[in-house]
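Report on the structure given below.
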Amino acid sequence: MVKLSIITAVYNRGKTIADAIDSVLAQRGCDIEYIVVDGMSSDGTENIIRGYGDRISKYIREKDSGIYDALNKGVAAATGDVVGFLHADDILAGPDVGRWISKPFDDETVDAVFGDLQYVDASDTNRVIRNWRSGKYDRSKFPYGWMPAHPTFYLRREHYQKFGVYRDDFQIAADYELMLRMLFKNKLHAVAIDEVLVKMRVGGKSNASISNRLVANREDARAWSLNGLKAPMALRWMKPLRKLGQYF
């Protein structure tokens, strides 16, 4: 059985962090190392985290330069075979998610897995707003705006060591750049899990405003250029248009 390292980066999320932690600790039938990286929260988040004691494998509390810096700190601290992330506002969708993620990695040719995601109401996580069905992996879909749901993306740790971690010079789209680099540029073998793995509270940064969406569009194109790839002309339209189907 592979060992999963699940990383939560948090800053002042006292209202939601316990839900995230509880969803990880509820996992069964899998081996999990749970790492929480706290950017010096000042709203009581620290007290909540410390209340779990050694049920949290590693607690890192120090200033960071943003979410991607925090995620990279988690990767550096991880010792598992496979690394994934659970944001402080999100929850694993059920107690079998860790087992579902672990199973495909029994095949040593599998480099990454991803699955489906539900956007849920911030107050009522049982109320689904959008469904993100990633579908089967097909590398050729990347130029047409496709990407896996990042909160469901789990990657063998060795590939972070070989191909690098998140770029902290991106404001919003470092997750897209990393998955483009891993799956499209370096052609790693990914497998889709036909299950909802994560429930994400509505209000993601990249879609929080029109200005953020414009920043994300620019960074999406830059992600291709930095990897020596030519950005498809239709990318800035196809990527957001693909999300329309998630509402139906």
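Under the √(5λ) rule applied to the eigenvalues of the Cα gyration tensor, what semi-axes describe the equivalent ellipsoid of the range 59-106? Give them in Å, descending.
Value: 24, 14, 8 Å, ordered largest first.
Quick check on my link table: of Lys141/Lys199; Lys63/Lys199; Lys15/Lys199; Lys136/Lys199; Lys103/Lys162; Lys136/Lys187, which ones sit more than 18 Å apart, alpha carbon to alpha carbon?
Long pairs (Cα-Cα over 18 Å): Lys141/Lys199; Lys63/Lys199; Lys136/Lys199; Lys103/Lys162.
Just for the Cα atoms in the range 79-194, what are the lengths along the principal axes, largest first, rounded to whole Å?
Taking the Cα atoms of the range 79-194, the three principal extents are 40, 33, 28 Å.
Based on Cα positions only, what radius of gyration and what Dmax would you give for the chain, in angstroms?
Considering the chain through its Cα atoms, Rg and Dmax are 17.1, 51 Å.
Of the chain, which part is the longest with no GluC sites (Glu not before Pro) in a loop (DSSP not H, G, I, E, B) and with at most 13 other C-beta atoms within 10 angstrom?
109-248
For the chain, what does the helix formula give at 222 nm: sum of -39500 (n - 2.57) over DSSP H segments with n ≥ 4, over the residue count, nearest 500 deg cm²/dmol?
Dividing the helical sum by the residues of the chain leaves -7500 deg cm²/dmol.
Neighbouring Cβ atoms within 10 Å as the yardstick, rank His159, His189, His150 fewest first.
By the 10 Å Cβ count, ascending, the order reads His189, His159, His150.
Remind me, relative contact order of the chain in percent, using alpha carbon pairs under 8 angstrom and six or more residues apart?
Contact order relative to length: 22 percent.
Here, each number is a calculation from the coordinates, and none is a lab measurement. What you see is a predicted model, and the numbers here were worked out from it, not measured in a lab. As a convention, Cβ positions derive from the backbone with ideal geometry for all residues, glycine included, and neighbour counts pool all protein chains shown.
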